[in-house]
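The values are calculated or read from the model by the stated rules, or taken from the named source; none is laboratory data. From a predicted model like this one, the values you see are computed outputs, not experimental measurements. Cβ atoms come from the backbone with ideal geometry, glycine included; neighbour counts cover every protein chain shown.
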Amino acid sequence: MDSRLNVPTLTLAQQQSWLVENIRKQAVSSGPLTRGEGFAVYRRNLLAVAEAALGVTYPTVRRLLDHADFQALVAELLALHPLTRGDWGEWGEPLPRLLEDLEPGREFPFAVPVAEFDWLRHRANRAADNHFDLASAQLLQSHSVDGIGIALAGHVGLIRSIYPLVEILNWHADPAAAGEQLRVSDTPRPVLVYRRKYRVEQRYITQEDYRFMLGLHAGRSVGNLIDELDGQDFDFPGWLEAAIGHNLISHLYPS
């Protein structure tokens, strides 16, 4: 190994561990390098790769923040939550919580729910393909709805915000059209994120649909949720038909 890096006499595994740890530490250091110019290359490369990865995962956040703020956010995330599993596509989930504590998140509070929205869309894009288990629908004939649960597809995500998340997402494609719709709501509006075939989609849903799907995700029975929504504008047969058509369900199960 190059003696300029001043690596102690260690086993190969220990040297690799030492090298990775020092690269991570120095990637976010603002002080002078202490391990030679070799680390400057590693530092720049690591930050560049991390920035590119987060730009893919959080494209809307990247467009909202200026370059310096986004770079600082990347460096902070890399310091607090370094990559551990070797897949940059799986890295970055804590970014919304981190953004909430930093100046851009405090100055622009809509940036935090936008980041959460970006993460849901990224997760939906990477989720395994879903194929509804049609045979499980037989439970509707053999069981009461009080004893049936519904497993949502792995790509399904739910979020609520007073900020116009869908319009902010569309703003980059058509700023003039979307700009007219950028209104803050008095009541948080629920958004459903899902994937149809190979395309991630998102749309606003009713408060009732949101509560029902959130309850399903928590493992509650269909009957229990229908009782809770009694008297409100919720049509379970209609919801079920649409959910199957939009590939939102994995299977039904006895609860």
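Condition check ((1) modelled with pLDDT of 95 or more; (2) closer than 25 Å to N125 by Cβ; (3) buried (at least 17 other Cβ atoms within 10 Å of the Cβ)) across all residues:
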| position | (1), (2), (3) |
| --- | --- |
| S161 | yes, yes, yes |
| L216 | yes, yes, yes |
| H246 | yes, yes, no |
| Y253 | yes, no, no |
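Residue under question is E201, and the condition is that it be at pLDDT 95 or above, of a type outside the set (A, V, I, L, M) and under 17 Å from V145 (Cα atoms); does it hold?
In short, no.
Do we have L139 as at pLDDT 95 or above, surrounded by 14 or more Cβ atoms within 10 Å (Cβ to Cβ) and in contact with a strand residue (DSSP E or B) (Cβ under 8 Å, 6 or more places away or on another chain) here?
yes
Inspect the range 161-169 for any residue being part of a strand (DSSP E or B) and in the same structural domain as G219 (by TED's automatic domain parsing) and give the result as yes or no.
Looking for residues that are part of a strand (DSSP E or B) and in the same structural domain as G219 (by TED's automatic domain parsing), one finds at least one in the range 161-169, hence yes.
Given the conditions (1) assigned to a helix (DSSP H, G or I); (2) among the hydrophobic types (A, V, I, L, M, F, W, C); (3) in contact (Cβ under 8 Å) with a residue 24 or more places away in the chain; (4) farther than 26 Å from Y194 by Cα, report the number of the one that A68 does not fulfil.
With respect to (1) assigned to a helix (DSSP H, G or I); (2) among the hydrophobic types (A, V, I, L, M, F, W, C); (3) in contact (Cβ under 8 Å) with a residue 24 or more places away in the chain; (4) farther than 26 Å from Y194 by Cα, A68 is out only on (3).
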